[in-house]
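Worksheet: one structure, shown below.
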Amino acid sequence: PGGYVMPARWMTKRDVSVPTFGGEVAEFARLMGWDPMPFQEEFWDVALEYREAPGVGLGHVYVRDQACMTVPRQSGKSVSLLSVVGWAALRWPKMRIGWVAQERVIATTLLGELAGRLLEAGVEVKWLLTAGRERIEFLGNGSVIQVLSSTERAGHGASWDMVVGDETWRLKYSVLQSIVPAQAARPSSIMFLISTMGTEDSEVLNDLVARGRDGDPLLTYCEWSAPDGVDVHDESLWHGWMPALEQGSFMTLEKIRSGAAMFAATPSEFVRAYANRLTRSDASVFPQEWIDAACGRLPKPSGSLVVGVDVAKKMSSVAVAVGWVDGDRVFGDVAEYRYSGPSGWMLERVRGIVQRHGADAVAISYGPAVMVKPELEALCAEEGVELWDLNSVASSAAAMRLFELLKDGGVRLGAMEPLVDALRAARVKTMGDRWRFDRDVVVDQTPLVAVSIAVQVALEIGLQPSGWSFY
C-alpha cells in the first residue's frame with residue numbers, strides 16, 4: 001500500500017537503445033502541479049521513443065506512432081493525456097493537436113483546467129470557448145490544442161501532429177477514418193488512446209487490446225487489469241491491478257468502495273470500471289423477479305402525488321406518469337403514453353391529473369423534456385403547483401433511487417405494458433460515478449424515466465427520507 005506494487009499485465013518493452021521524450025513529459029507534469037505516478041512515467045517513456053530524422057517533420061519520427069493504455073477508472077487517465085498534449089504544444093512551434101471528445105463538455109472542462117495551469121505557470125495562452133471550436137492557443141509559438149467531436153467529420157480539413165482520445169471504449173472506426181488520414185501528412189505525428197475496458201461493442205478498443213496483447217510492433221500497449229479467476233471485490237487484491245491505488249489522491253480505498261456501492265445496480269459495470277475487464281453490453285438492470293414482484297394492480301392515488309413527464313429523443317414519444325407516497329408505501333404508474341409528439345393532449349392530461357388528484361408538483365426529466373418546459377411552467381403557474389426541473393444529477397439520482405426501491409421491494413408499480421417493457425429492456429449509461437437509464441436501447445425508456453422522477457419527487461415531498469438528496 002502506498003507504493004508501486006504490480007507491473008502491467010501487458011507492456012511494450014522499453015528499448016533503451018533509443019531516446020525517449022518521456023522524461024520531458026514528466027517534468028512538464030510537475031511544472032503543472034501534477035505529481036506523475038510511476039506507471040504514467042513508464043507509459044510515457046515507452047510511448048515516446050523516437051529516432052532522429054533531420055529534415056523530416058519535426059526532426060524525429062516515433063518508433064511507434066500509435067499508443068494505447070488501458071487502466072481502471074480513477075487512475076489519472078486524463079492527466080496522462082493532458083501532460084502529453086501540453087508538453088507537445090510547448091515543445092515545438094505551430095503544433096496542431098486534437099483531443100477527441102466522447103463527452104464534449106468533459107473534454108472542454110479538462111482543457112480549461114490545463115489552460116488555467118499554464119497561465120499560472122506563466123505560459124501565455126488564450127482559452128477560447130467558441131462553440132464547436134473550443135481550443136487553447138499558445139501565443140508564444142502558435143501551437144493549438146483543439147477539441148474534436150467523436151463524429152465522422154472529426155479531423156476533416158486539417159492535418160494533425162498529435163491526436164489523443166480519452167475513454168476510447170466508446171470510439172468508433174468511423175471517427176478514426178477521418179483522423180488517421182489527417183495525420184498521414186505529418187511524419188512526426190502520433191496518436192494516444194487511453195481508456196478503461198469497454199464492452200463487446202467497443203470495436204476500436206477491443207482491436208487495440210488484441211493487437212497489444214499479441215505484441216504488434218506498430219503499437220505501444222500497456223494494460224493493467226484483474227487476472228481471470230480472481231475475486232475483483234477482494235480488497236486485498238486490488239493493488240495487483242490498480243497502479244494508481246493510494247498514489248496521492250487519484251484512487252483511494254474509500255473511492256473504490258464508494259464506486260462498488262454506486263454500481264450495485266450493475267455489478268458488471270464495477271468489473272469493467274475497477275477491474276478493467278471487458279463486459280457484456282446487454283446485462284439487464286432489473287431481474288425479472290424484481291419486475292414480477294413490483295408490477296401489478298395499484299390502489300387509487302393518495303397522499304403526496306407528483307406528475308412526471310418525459311419526452312423521447314426527437315420528441316417521438318411522451319410519457320406522463322404519477323408517483324405518490326401513502327404512509328410508508330411508495331407507488332408509481334404510467335398515466336398515459338403515446339408514440340407521438342407532445343401535442344395538446346399532454347398538457348390536458350397533466351392538467352387533469354393535477355385538478356383531479358390535487359397533485360403537489362409536476363416534474364420533468366433532464367434531456368428532451370426541456371422542450372415542453374415553457375408550456376408546463378405556464379400550466380403549473382395557473383394551477384398553483386411547483387414545477388421540478390431535474391438536471392442530469394437529479395435524473396441520475398431518480399434512476400438510482402428507483403433501482404434501490406425495486407431491489408428492496410419498497411415500491412409498487414403499475415403493470416402498463418410500455419412500463420414493463422421498459423423495465424425489462426433497461427440499460428444504464430454511466431456518467432462518472434453516477435448512472436442513468438440509457439435512452440439508446442431499442443425499447444423506449446420514456447415510461448420508466450417518467451415514473452422514476454415522479455417517484456423520487458414524491459419521496460422528497462412526502463417522506464423526506466434522511467440521507468437522500470438530489471444535489
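The values are calculated or read from the model by the stated rules, or taken from the named source; none is laboratory data. Every value quoted in this text rests on a predicted model; they were computed, and no experiment measured them. Because the Cβ atoms are built from the backbone with ideal geometry, glycine has one as well, and the counts that use them run over all protein chains shown. Ligands, DNA and RNA are stripped out before the accessible areas are found, and what is left, the full protein with its side chains, is counted by its heavy atoms. Shrake-Rupley method; radii C 1.70, N 1.55, O 1.52, S 1.80 Å.
Going through the stretch 16-41 one residue at a time, which ones are open to solvent by 60 Å² or more (accessible area, probe 1.4 Å), over 26 Å from the mean Cα position of the chain (by Cα) and not small (Gly, Ala, Ser)?
16, 24, 27, 30, 31
Restricting to the stretch 430-459, what's the tally of residues that are open to solvent by 10 Å² or more (accessible area, probe 1.4 Å), at pLDDT below 85 and under 20 Å from residue 363 (Cβ atoms)?
2
Note down all Cβ pairs under 7 Å where the first residue falls in the stretch 405-426 and is without any contact (Cβ under 8 Å) to a residue 12 or more places away in the chain, the second is open to solvent by less than 60 Å² (accessible area, probe 1.4 Å) and assigned to a helix (DSSP H, G or I), and they're at least six residues apart or on different chains.
Qualifying pairs under 7 Å: none.
Across the stretch 183-211, what is the number of residues that are open to solvent by 10 Å² or more (accessible area, probe 1.4 Å) and over 22 Å from the mean Cα position of the chain (by Cα)?
8
Looking at the stretch 76-109 only, could you name the residues that are among the aliphatic types (A, V, I, L, M), closer than 14 Å to residue 25 by Cα and open to solvent by 40 Å² or more (accessible area, probe 1.4 Å)? Break it down stepwise before answering.
As a first pass, look at the stretch 76-109 and keep what is among the aliphatic types (A, V, I, L, M): 79, 81-82, 84-85, 88-90, 95, 97, 100-101, 105-107.
With closer than 14 Å to residue 25 by Cα added as a condition, the list becomes 79, 81-82, 84-85, 88-90.
Hit for the stretch 76-109 is 90, nothing else.
Residue-by-condition table, conditions (1) outside any loop (DSSP other than H, G, I, E, B); (2) of a type in the set (Phe, Trp, Tyr); (3) surrounded by 21 or more Cβ atoms within 10 Å (Cβ to Cβ); (4) in contact with an Asp or Glu (Cβ under 9 Å, 6 or more places away or on another chain):
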| residue | (1), (2), (3), (4) |
| --- | --- |
| 309 | yes, no, yes, no |
| 314 | yes, no, no, no |
| 321 | yes, no, yes, yes |
| 325 | yes, no, yes, no |
| 334 | yes, no, yes, no |
| 340 | no, no, no, no |
| 345 | yes, yes, no, yes |
| 349 | yes, no, no, yes |
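Give the number of residues within the stretch 363-415 that are within 18 Å of residue 351 (Cα to Cα) and touching a Cys at 6+ places or on another chain (Cβ under 7 Å).
The number of residues fulfilling the criteria is 2.
Among the residues of the stretch 428-463, write down those that are more than 14 Å from residue 397 (Cα to Cα) and among the basic types (Lys, Arg).
Listed by number, the list holds a single entry, 439.
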